[in-house]
1. Please report the carbon-and-sulfur percent of the accessible area for the range 87-146; probe 1.4 Å, protein heavy atoms only, DNA, RNA and ligands left out.
2. Return the single residue from GLU119, GLU157, GLU111 with maximal mean-square fluctuation; model: Gaussian network over the chain, springs between Cα atoms under 10 Å.
3. For THR79, THR89, give the ranking by accessible area with the largest first, probe 1.4 Å.
4. Computed over the Cα atoms of the range 58-109, what is the ratio Rg over Rh, Rh following Kirkwood?
5. Please work out which option in (i) 69, 18, 13; (ii) 26, 23, 15; (iii) 34, 16, 15 gives semi-axes √(5λ) of the Cα gyration tensor in Å calculated from these coordinates, and answer with its label.
6. In a GNM of the chain with a 10 Å cut-off on Cα contacts, which of VAL151, VAL114, VAL173 has the highest mean-square fluctuation?
7. What does the net charge come to around GLY45 if you take all other residues with beta carbon closer than 14 Å to its beta carbon, with K and R at +1 and D and E at -1?
8. Pairs of lysine in the chain with Cα under 29 Å and at least 8 positions apart or on different chains: total?
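The values are calculated or read from the model by the stated rules, or taken from the named source; none is laboratory data. All values reported here derive from a predicted model rather than from experimental measurement. FYI the Cβ positions are ideal-geometry reconstructions off the backbone, even for glycines, and counts take in every protein chain you see. Calculation scope for accessible area: heavy atoms of the full protein, side chains included, ligands and nucleic acids excluded. Shrake-Rupley method; radii C 1.70, N 1.55, O 1.52, S 1.80 Å.
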Amino acid sequence: LKSGEWTCHESCWSNVANRAIQIGHAFDEECAGGLRIYAVPIYAGNECVGAMSIGYGDPPRDPAKIAEIAEKYGVDEQTLLDTAATYETRPPFVVEVAKRRLQTSARLVGEIVVRHRAEQALRSGESKLSSIFRAAPVGIGLTVNRVIQEVNQQFCEITGFSVEDIVGKNARVLYASDEEFERVGAVKYEQISKRGIGWSGLTTVSRSS
């Protein structure tokens, strides 16, 4: 910080994290300050979308290395030595645990990206379907267990019902008799159970209905 140089960006990103992205797997290298940097790529499906990294290891205490770093970044040698002396060495297993946790975190971030993209695609698809639903020149109604959930304006013009009058009602109101209502239902749902889609006249019902 005192040197005014963004050494972390140069070491963590340019030399290690970016390298992990380029080669597609974990990369480990000594940073400009004499520590180690471990980076893993983040994958969203088959696409690499970024990387995560951690620094680890004892800071250099060798006088020659300290002098090199001090000269490179314009920092007092004694300050570096004093700072290095305060660091408590971590056992190797702690470093390995940290690396595994970083790998897990990278996988989780990748899954979050995938989920976010899927949600965006779903919202886009729903928006398109909603536009088609509203603008279609044919009557369209959505039913669940033969209860009307949603209709477009053309449906209302064909049947004479308003949206408020028809939504939430049993689809029986659209048929001339109980017999016809039962007959059409039996035909449609038998078709749905066999082929995933069923129809009768101009009415179409999907498996989700």
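1. With neighbouring chains kept in place, the figure for the range 87-146 is 62 percent.
2. GLU157
3. Descending accessible area places them as THR89, THR79.
4. 1.19
5. (i)
6. It is VAL173.
7. Here the charged neighbours net out to +1.
8. 8
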